[in-house]
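All remarks here apply to the structure that follows.
Since every read-out is calculated from the coordinates, none of them should be taken as a lab result. Here the structure is a predicted model, which means the values were calculated and not measured. Cβ coordinates were reconstructed from backbone atoms using ideal geometry, including for glycine residues, and neighbour counts include every protein chain displayed.
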Amino acid sequence: MVTTQPQNSQILDNYKLMSDRVVLITGASRGIGAATAKLLARHGAAVGVNYYGSEEAAGQVVEAIASEGGQALAVKADVRDPQQVDAMVQQVAEAFGPIDTVVINANAGFPIAPFVDYRWEDFEAKLVGELKGAFFPCKAVVPSMIEQKRGCIIAVSSSVSRSPSEGFSAHSTAKSGLNAFINSLALELGPHGIRANVVAPGLVLTDATAQVPQEDKDASAQMVPLKRNGLPEDIAGAILLLASEEARFITGAYLPVSGGIQML
Ligand SMILES: NC(=O)c1ccc[n+]([C@@H]2O[C@H](COP(=O)([O-])OP(=O)(O)OC[C@H]3O[C@@H](n4cnc5c(N)ncnc54)[C@H](OP(=O)(O)O)[C@@H]3O)[C@@H](O)[C@H]2O)c1
């Protein structure tokens, strides 16, 4: 019997949302960044997998992508250092062509402590680290996005940027600064065809939350309408949606990805 039905693989090919796209993801050796690299590559993107200390883990992300027939390159850079960031962007562009999508994700660590115990040095390091990690990669990729007349910037913020949590004053302040920065880019760069959006996860099970006691994770899951903790793949899915052409008229958005714990 002759059939005109496409095979499953053909259907999947037709539904690749990131074909011919070149993506840089900061902090992609582990956690949310690693899951995002794998998902975007599965959807056809060539991916720059940025790492800082975890060379082996970044290599494993690249291997996993290659084993599925995707394209990726591990690139080392401290996102707080403009020279290292410029060199990384050049490496990715030489391998795959100009970057059209950047995911600002690298985790700027911080102590969890009450404000009365917070030292200015720790507060400042978080603020500066978070904003340098957004400013320098954007600064490095935006000129070629302007030339291409298209581009997509997605920043991984946090639900605490709008709903503070005890002990998280530095993180809340840094992430709300990140939101404002991304909104500014959405406004200024929109006329060049460049979109800029924020995803805001709640608690996600990664190395960054490995020290959170299990009972706190369970309590958090109970407060979430969808009744579980977030997984890196949940955040990756939201990033894919915003990065895809299907989101072409969405810019300046703040998308909570928290199973409903944060509603706007
Ligand atoms: N997990 C959560 O509950 C949660 C909730 C809300 C928001 N977020 C946000 O989600 C993002 C990712 O967090 P995660 O939980 O996936 O973190 P993670 O599992 O701890 O991974 C952190 C990643 O950031 C990279 N990184 C750290 N400092 C860097 C630097 N200076 N330059 C380049 N890369 C650097 C690490 O690279 P190396 O290992 O190679 O050094 C690693 O790939 C962060 O922006 C975080 O604030 C997380």
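What the table shows:
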{"item": "Under-5 Å amide H pairs with residue 71, H placed in peptide plane, nonlocal only", "result": "47"}
{"item": "All Cα pairs of segment 112-264, percent lying beyond 28 Å", "result": "24 percent"}
{"item": "Of 139/227; 126/217; 126/149; 175/217; 38/76; 16/175, those spanning more than 29 Å from alpha-carbon to alpha-carbon", "result": "139/227; 126/149; 16/175"}
{"item": "Amide H contacts of residue 76 (H built 1.01 Å from N, under 5 Å, at least 5 apart or other chain)", "result": "51"}
{"item": "Under Karplus coefficients 6.51, -1.76 and 1.60, residue-wise ³J(HN,Hα) of segment 209-220 in Hz, glycine/proline x", "result": "10, 4, 7, 5, x, 4, 5, 5, 5, 5, 5, 5"}
{"item": "Residue 94 versus residue 163: modelled label distance in nm, points set 7 Å from Cα along the beta carbon direction", "result": "4.6 nm"}
{"item": "Estimated inter-spin distance, residue 250 and residue 121, nm [label 7 Å along Cα→Cβ]", "result": "4.2 nm"}
{"item": "Label-point separation, residue 207 to residue 128 (7 Å along Cα→Cβ), nm", "result": "2.4 nm"}
{"item": "Degrees separating the helix 169-189 axis from the principal Cα axis of the chain, which is the longest one", "result": "40 degrees"}
{"item": "Rounded to whole Hz, the Karplus (6.51, -1.76, 1.60) HN-Hα couplings of segment 226-242, x for glycine and proline", "result": "7, 6, 7, 6, x, 10, x, 5, 5, 6, 4, x, 5, 5, 4, 4, 5"}
{"item": "Relative contact order (%) - the chain, alpha-carbon pairs under 8 angstrom, separation at least six", "result": "18 percent"}
{"item": "Span from the segment 25-55 Cα centroid across to the segment 100-152 one, whole angstrom", "result": "17 Å"}
{"item": "Debye log10 I(q)/I(0) for segment 156-237, one point scatterer per Cα, at q = 0.16, 0.20, 0.27 Å⁻¹", "result": "-0.71, -0.98, -1.33"}
{"item": "Cβ crowding within 10 Å averaged over residues, with 184-195, 113-124 ranked highest first", "result": "184-195, 113-124"}
{"item": "Average projected area [Cα convex hull, the chain], square nanometres", "result": "16.3 nm²"}
